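Worksheet for the structure shown next.
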Amino acid sequence: MKSAYKLAAFFLAIGAMCSCQKDIDKVEEWPEWPAPANVSVDGASLDEMFYGTYKGIGMNLTQGQTVNFSGMTRLRTVLQSHYWDVLSETEAVFLGQDGAYDIIWDNESSCLFTEPREKAFPDELFLCGTGWGHQGAYKVTTHGWSWDRPTDMMSLRRVSPGIFEGSVYLAQGFTFKFCKDHLMGQPQYEIQSVDINILKPEIVGGNIYGDFVPGSGFQPGVFNLRVDLNNNELDITTNMIIEPETFYVNGNEMTSNGSYQYYSIRLRKGDEVTFGNFGGIESALQPDFWEIVDDLEGKAIFKGETGLYDIYLDPNYMIVYTLCTAMNFQKGNAVWVAGVNWGHPGSAPRVTATGWDLSSPNNCMQMKKVEKGVFEVTLWLPDGFNIKFFKARDWGQEASTTVLTPLPENLFAAGEYVDPETGPRPTGDLVGGPDFKPGTYTVRVDYNRNIVYAVGYYTPSE
């Protein structure tokens, strides 16, 4: 199963590496994640390719075996603690069951992920979701609900038949499920929160969708999970609580709002705003609304319409959503975009939208007015994206591809659902066309001409 998965992931990655970018992101290929040149495991370099773009090494390991790691600093944070007992800066003892394993380097987090090769449930179990990460990174390392990368489905260590353990960083707003293979959305392969007794619901609870979510007393940090399928129990112990950072807008402290840091501010076109303690804002801010003046100093010029705006910072991905919920098409100052499988441009290649929802900043983004009847938004669009346009944050205000013609036709298309009895019918979604490649696009809707197009790939006639 895993061989087939890795082959499929390779071809997906090859497609992703040919992404079309516009000016705000001139990268034309997603690079492979290189391992440091001097890194080796038991004297062997990380030269094998996994998931199409990640480097690592396949090894036969036995429980209790001491393995030498060279070329790495802070080995205790590089290795997953549920698979390795670190003895020194160069040695660690393997804790897993005897067998063949892949040890894969993630250049984004400078961490190694360990997972069994060619094993399936009940010998292995994965964790998948959003807002979690390698325990040594102390930050989110997953790209979201995906099985495209080793960072997206974490292998838990099998302790004994039916019992699995894992150490993981959990951020505010996390959601996850346990999966029996590199597959999602199929209940027979999932272990949901409704399927198991959660022993510490104040730390980890469940929602109506079967996701594991933060409990009432949750604080971000590193946690040890023990999944006991013999007794249908999930136990959670706290390894480390990580105090949240403080962020500022114009010197004023942002406040917690769910999983976001929040600030309300009245803005006019041309206002200069300072974002404090962001560590750089170039990828954090939406390019439609902001012109960067000084990246490291956090200074930017506002480019939108005058209004009272909500500023939402997602500290897990360090991206900012700028929106004024009072604006709409009738007032002439905004249109909204929502859907699934897309993201804030600064999150690429991570998907930040989590579902069809008009209330959350990550799921419903404001499109900036360009001129009367014309609005645009810059988005990260991977393969399989589905989005719609709304004249207000109201399901009854949909004005998408049933009234807008997608252009150019090779890049964008109108979504269709093929009913087995009645045949195809329009969904109103905007989807990828035959030549679409994953990338960061500025999508513009023009209700004067009733078209939707990608800026830089199509120019309307006068």
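The values are calculated or read from the model by the stated rules, or taken from the named source; none is laboratory data. All values derive from a computational prediction rather than experimental measurement. Glycine gets a Cβ as well: all are built from the backbone with ideal geometry, and neighbour counts include every protein chain shown. These accessible areas exclude ligands, DNA and RNA; they are computed on the full protein's heavy atoms, side chains included. Shrake-Rupley method; radii C 1.70, N 1.55, O 1.52, S 1.80 Å.
Structure data summary
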item: For Gly221, distant residues with modelled amide H under 5 Å away; result: Leu170, Ile242
item: Asp271, Asp85, reordered so the largest accessible area comes first (probe 1.4 Å); result: Asp85, Asp271
item: Percent RCO, i.e. relative contact order, over the chain, from Cα pairs under 8 Å lying at least 6 residues apart; result: 9 percent
item: 3J(HN,Hα) from dihedral phi, region 319-325, Karplus parametrisation 6.51/-1.76/1.60, rounded to Hz, x for glycine, proline; result: 10, 10, 9, 10, 8, 10, 5
item: Estimated 222 nm signal from helices in the chain, with DSSP H stretches of n ≥ 4 weighted -39500 (n - 2.57), rounded to 500; result: -1000 deg cm²/dmol
item: Förster radius 51 Å - calculated FRET efficiency between Asn232 and Glu462 (Cβ-Cβ, nearest 0.05); result: 0.15
item: Degrees, to the nearest 10: 2-16 long Cα axis against longest axis of the chain; result: 30 degrees
item: Globularity index of the chain, i.e. its alpha-carbon radius of gyration over 2.2 N^0.38 Å; result: 1.02
item: Spatial separation of Cα centroids for region 318-353 and region 55-134, in angstrom; result: 37 Å
item: Bins of 10 Å from zero: percent of alpha-carbon pairs in region 76-138; result: 19, 51, 28, 2
item: Residue-normalised accessible area of the chain, given per residue in Å² at a 1.4 Å probe; result: 42 Å²
item: Entries in Lys269/Lys369; Lys139/Lys303; Lys139/Lys368; Lys299/Lys388 that, when Cα-Cα distance is taken, lie over 21 Å; result: Lys139/Lys303; Lys139/Lys368; Lys299/Lys388
item: Whole-percent carbon and sulfur share, accessible surface of region 143-190, 1.4 Å; result: 48 percent
item: For region 37-121, diffusion coefficient by Stokes-Einstein and Kirkwood Rh (Cα), 20 °C, 1.002 mPa s, µm²/s; result: 166 µm²/s
item: Inter-label distance for Arg425 and Ser216, nm, one decimal - labels placed 7 Å from Cα along Cα-to-Cβ; result: 4.4 nm
item: Region 30-171: C-alpha pair distances exceeding 18 Å, %; result: 52 percent
item: Table column - 3J(HN,Hα) (Hz), region 76-84, Karplus curve with 6.51, -1.76, 1.60, x for Gly and Pro; result: 4, 8, 7, 8, 7, 5, 7, 9, 9
item: J(HN,Hα) series, region 38-51, from Karplus relation 6.51 cos²θ - 1.76 cosθ + 1.60, nearest Hz, glycine and proline x; result: 9, 7, 8, 10, 6, x, 9, 6, 8, 10, 7, 9, 10, 6
item: Of all accessible heavy-atom area on region 388-434, the percent that carbon and sulfur account for (1.4 Å); result: 48 percent
item: Long-range HN-HN contacts of Asp271 with modeled amide H, under 5 Å; result: Phe302
item: Residues whose placed amide H lies under 5 Å from that of Phe69, excluding near-sequence neighbours; result: Asp42, Glu91, Ala92
item: Asn257/Asp394 FRET efficiency (R0 22 Å; Cβ-Cβ; nearest 0.05); result: 0.50
item: Accessible-area ranking of Ile57, Ile242, largest first, probe 1.4 Å; result: Ile242, Ile57
item: Charge tally in the Cβ shell below 13 Å around Asn341, where Lys, Arg are +1 and Asp, Glu are -1, Asn341 excluded; result: -1
item: Modelled FRET efficiency - R0 30 Å, Ile301 with Asn448, Cβ distances, 0.05 increments; result: 0.60
